1. At positive phi and either of a type outside the set (Asp, Glu) or touching a Cys at 6+ places or on another chain (Cβ under 6 Å) (or both): which single residue out of Gly117, Gly146 fits that description?
2. Quick check on Ser220: is it over 17 Å from the mean Cα position of the chain (by Cα), within 29 Å of Ile121 (Cα to Cα) and open to solvent by less than 70 Å² (accessible area, probe 1.4 Å)?
3. Which condition does Asp199 not pass, out of (1) assigned to a loop (DSSP other than H, G, I, E, B); (2) open to solvent by 70 Å² or more (accessible area, probe 1.4 Å), if it passes all the others?
4. Spot the failing condition for Pro137; the list is (1) open to solvent by 40 Å² or more (accessible area, probe 1.4 Å); (2) outside any helix (DSSP H, G or I), and only one is missed.
5. Among the listed residues Ser157, Ser55, Ser150, identify the single one that is within 28 Å of Lys189 (Cβ to Cβ), open to solvent by 30 Å² or more (accessible area, probe 1.4 Å) and not β-branched (Val, Ile, Thr).
6. Take region 51-100 and flag every residue that is charged (D, E, K, R) and touching a Leu at 6+ places or on another chain (Cβ under 9 Å).
7. Inspect region 102-116 for any residue being in a helix (DSSP H, G or I), closer than 20 Å to Met214 by Cα and in contact (Cβ under 8 Å) with a residue 24 or more places away in the chain and give the result as yes or no.
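The values are calculated or read from the model by the stated rules, or taken from the named source; none is laboratory data. Because the structure is a prediction, the values reported are computed rather than measured. Neighbour counts run over all protein chains shown; Cβ positions are idealised from the backbone, glycine included. Each accessible area value is taken on the protein alone, full model and side chains, heavy atoms only, with ligands, DNA and RNA left out. Shrake-Rupley method; radii C 1.70, N 1.55, O 1.52, S 1.80 Å.
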Amino acid sequence: VEGEVKNKFGLSLTGAKETDFDFQYGLMQPPAQLSFIEEKMDSVRETTDTLTLASFRSQRENLLQKYKDNFKKIINSHPSYFQALFNVYQNANYFTVAELQRFTEVFDKKLLELPTGKKLITFIKNENKLLPGKVFPEFIYMDTTGEKISLADVKGSKGTLIVFWASWCGPCREEIPELKKLYHVYHSKGISIVSISCDNDSKSWKKALQQEQMLWPNLSNLPGYYGDIFSKYNIKAIPLMFLLDGESNIISEPKSIEQVKEQLERKKL
């Protein structure tokens with residue numbers, strides 16, 4: 001340890017490979033500009049400005065590709081580093097199943113035997129079940145009365161929108177008015193909405209339902225452990241949505257209500 005510890009002036013830690021990696025690379029998240037571009041895309045989707053939307057999509061793809069190329073280069077150069085493994089697991093949502101699988105082939109086998117390595121392998125297995133074209137994993141959760149409800153019980157004849165949310169999640173609550181609009185337009189056309197709670201407290205969940213007055217099925221695994229839902233569907237952030245067709249095959253994982261509308265319009269519903 002070198003430098004003035006009290007005021008952290010010129011402080012540096014060296015001598016351990018994991019420390020060196022952490023100081024040099026840290027948690028290799030995508031650049032903040034990516035979120036800025038995605039916000040711009042969401043705002044433009046509400047207009048008919050297709051040229052601007054296409055430009056933002058191109059910028060996003062280029063930025064994400066540069067990030068991924070650099071990320072892969074660093075990981076491939078550090079196959080025995082736990083910090084490299086940790087980075088892959090923490091940023092797994094930005095990579096395809098095939099890309100994640102290639103990372104596991106690079107890492108030393110001892111790393112994959114660690115808890116984080118096992119979590120990454122489980123994440124990849126779950127993600128493979130959530131790819132477009134795959135049948136959405138069946139579930140049996142409970143409504144507010146305690147009745148057990150399966151996907152087969154609530155799926156729409158033309159499609160289903162699965163929404164993962166929680167009472168404590170601000171962005172989840174903010175999108176509910178838009179979900180209500182979507183419901184009023186598409187429910188009569190055979191599209192169902194199903195909200196699955198990631199709450200860890202039944203009272204908070206039921207209180208939120210009373211406040212929001214959602215007209216579609218609302219389910220939870222309470223009083224079970226909410227983490228089981230996060231693990232099963234590889235949830236790292238909510239709200240999270242999956243759009244299914246009439247046979248419960250996954251169409252996509254839309255990032256916004258506007259994307260849901262776009263895809264339903266393509267189906268001419």
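1. Details: Gly117 fails: at positive phi.
Among Gly117, Gly146, only Gly146 is at positive phi and either of a type outside the set (Asp, Glu) or touching a Cys at 6+ places or on another chain (Cβ under 6 Å) (or both).
2. Against the criterion (over 17 Å from the mean Cα position of the chain (by Cα), within 29 Å of Ile121 (Cα to Cα) and open to solvent by less than 70 Å² (accessible area, probe 1.4 Å)), Ser220 qualifies.
3. (2)
4. (1)
5. Ser157
6. The answer is Arg60, and nothing else.
7. Checking region 102-116: not a single residue is in a helix (DSSP H, G or I), closer than 20 Å to Met214 by Cα and in contact (Cβ under 8 Å) with a residue 24 or more places away in the chain.
Every residue, every condition in (1) closer than 24 Å to Ile251 by Cβ; (2) outside any loop (DSSP other than H, G, I, E, B); (3) open to solvent by 60 Å² or more (accessible area, probe 1.4 Å); (4) not polar (S, T, N, Q), yes or no:
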position	(1), (2), (3), (4)
Phe164	yes, yes, no, yes
Cys172	yes, yes, no, yes
Tyr183	yes, yes, no, yes
Tyr186	yes, yes, no, yes
Lys207	no, yes, yes, yes
Gln211	no, yes, yes, no
